[in-house]
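Undergrad: One structure follows; several queries about it will come next.
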Amino acid sequence: MIKNDLFLKALKGESVERPPVWMMRQAGRYLPEFIAIKEKYDFFTRCRTPELAAEITVQPIRIVKPDAAILFSDILVIPQAMNIDVEMKPGLGPWVPNPIRSAKDVDQVVIPEINEELGYVMDAIKLTKQMLDDSVPLIGFAGSPWTILCYAVEGQGSKSFDTAKGFCFSQPAAAHSLLQKITDTTILYLKEKVKNGVNAVQIFDSWGGMLSPVDYQEFSWKYINQIVEALSEVTEVIVFGKGCWYALGEMSTSKASAIGVDWTCSAENARKLTGGQITLQGNFDPSRLLSPIPEIKKMVHQMIDAFGKDKYIANLGHGILPNIPVDHAKAFVEAVKEYQAK
């Protein structure tokens with residue numbers, strides 16, 4: 001039994017004394033303890049070494065004390081397992097030396113044997129569970145198929161992912177074939193994570209907002225929904241699409257347990273668009289954690305008032321930034337814990 005199960009209760013829509021709180025990217029870059037590890041080991045070594053991944057996952061639980069842990073890993077371990085080379089270049093970020101640009105390239109992409117290629121993630125889960133000792137739930141995650149395609153085709157991060165979009169629009173059959181392979185792999189991967197002990201999963205559609213509402217349905221949502229359908233049989237699923245407010249209605253009718261909201265969509269609009277029945281998560285602007293601490297606490301209480309304490313998980317509207325002082329991250333978490341419903 002998980003000692004602090006507030007997060008799981010909120011995912012199931014149960015009434016709680018206060019909302020649970022965690023932060024996207026809480027395991028990492030703003031913590032001095034993480035930076036010390038980063039200086040010794042490169043990015044994918046940290047992901048592939050279960051002892052390091054587990055330690056990084058548990059650091060914020062010790063220091064910032066949120067209500068849930070999220071496994072330290074990366075969305076790009078999936079394409080790596082699928083025969084797509086991905087490097088992490090300092091100062092640049094993800095780099096794919098041989099981006100996918102044709103149907104022939106898509107043919108080279110494989111659906112892997114998960115435990116052979118990604119067994120290190122499962123080992124990290126087991127180790128993390130031991131270290132957490134059932135104190136809080138553990139979240140596993142994956143990128144949406146569209147977001148993975150963006151990197152695989154573009155070859156690196158981008159402000160607009162025009163090359164990735166162009167590939168989908170000029171070679172739709174190849175694009176759909178790639179998206180389906182990523183979807184099938186992601187389902188196998190997340191199911192294995194659940195078997196190894198994660199208590200919920202989140203799908204990050206970081207680049208969904210690059211698509212028009214019509215294209216979002218074709219190239220992103222229908223693949224995310226396959227993952228939701230498959231995983232909802234075994235665990236709670238959170239879907240987070242950055243810039244995808246226009247899809248909130250559709251997401252709310254799926255089998256997802258919760259929907260993440262970014263800071264460009266108000267609590268009022270998010271509740272209205274989702275019909276007020278599903279658990280929502282978000283939507284504090286990560287940059288707002290640079291505000292003075294009293295201001296952070298005031299804004300957090302206003303955010304909870306706007307969403308309501310039930311069917312709500314306090315979180316940021318995207319990942320925490322590297323330049324956030326640890327005391328400000330702590331203040332965000334403390335403000336939620338101090339919240340008293342009016």
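The values are calculated or read from the model by the stated rules, or taken from the named source; none is laboratory data. Remember, it's a predicted structure, so these values are computed and weren't measured experimentally. A quick note on method: Cβ atoms are made from the backbone with ideal geometry, for glycine too, and the neighbour counts reach across all protein chains shown. Ligands, DNA and RNA are stripped out before the accessible areas are found, and what is left, the full protein with its side chains, is counted by its heavy atoms. Shrake-Rupley method; radii C 1.70, N 1.55, O 1.52, S 1.80 Å.
Undergrad: Looking at the range 1-36 only, could you name the residues that are farther than 17 Å from I139 by Cβ and of a type in the set (D, E)?
TA: E14, E17, E33
Undergrad: Of the residues T253, T235, which single one is out of contact with any helix residue (DSSP H, G or I) (no Cβ under 8 Å at 6 or more places or on another chain), among the β-branched types (V, I, T) and modelled with pLDDT of 95 or more?
TA: T253
Undergrad: Hey, does the range 301-308 have a residue that's over 15 Å from A10 (Cβ atoms), among the hydrophobic types (A, V, I, L, M, F, W, C) and buried (at least 23 other Cβ atoms within 10 Å of the Cβ)?
TA: Looking for residues that are over 15 Å from A10 (Cβ atoms), among the hydrophobic types (A, V, I, L, M, F, W, C) and buried (at least 23 other Cβ atoms within 10 Å of the Cβ), one finds none in the range 301-308, hence no.
Undergrad: Here are E51, E55, E39, E33: which of them is touching a residue at least 12 places away in the same chain (Cβ under 8 Å), farther than 23 Å from E192 by Cα and not basic (K, R)?
TA: The match here is E33.
Undergrad: Show me the strands (runs of 3 or more DSSP E) found entirely inside the range 73-181 where at least 2 residues are buried (at least 18 other Cβ atoms within 10 Å of the Cβ), out of contact with any Lys or Arg (no Cβ under 9 Å at 6 or more places or on another chain) and touching a residue at least 12 places away in the same chain (Cβ under 8 Å).
TA: Once the strands (runs of 3 or more DSSP E) in the range 73-181 are filtered for at least 2 residues that are buried (at least 18 other Cβ atoms within 10 Å of the Cβ), out of contact with any Lys or Arg (no Cβ under 9 Å at 6 or more places or on another chain) and touching a residue at least 12 places away in the same chain (Cβ under 8 Å), what remains is 138-143.
Undergrad: Residues being open to solvent by 30 Å² or more (accessible area, probe 1.4 Å), in a helix (DSSP H, G or I) and within 19 Å of H318 (Cβ to Cβ): count how many of those fall in the range 194-251.
TA: Summing the residues that are open to solvent by 30 Å² or more (accessible area, probe 1.4 Å), in a helix (DSSP H, G or I) and within 19 Å of H318 (Cβ to Cβ) in the range 194-251 gives 4.
Undergrad: Taking the range 10-65, which residues are open to solvent by less than 10 Å² (accessible area, probe 1.4 Å), touching a Phe, Trp or Tyr at 6+ places or on another chain (Cβ under 6 Å), within 23 Å of Q80 (Cα to Cα) and in a loop (DSSP other than H, G, I, E, B)?
TA: G28
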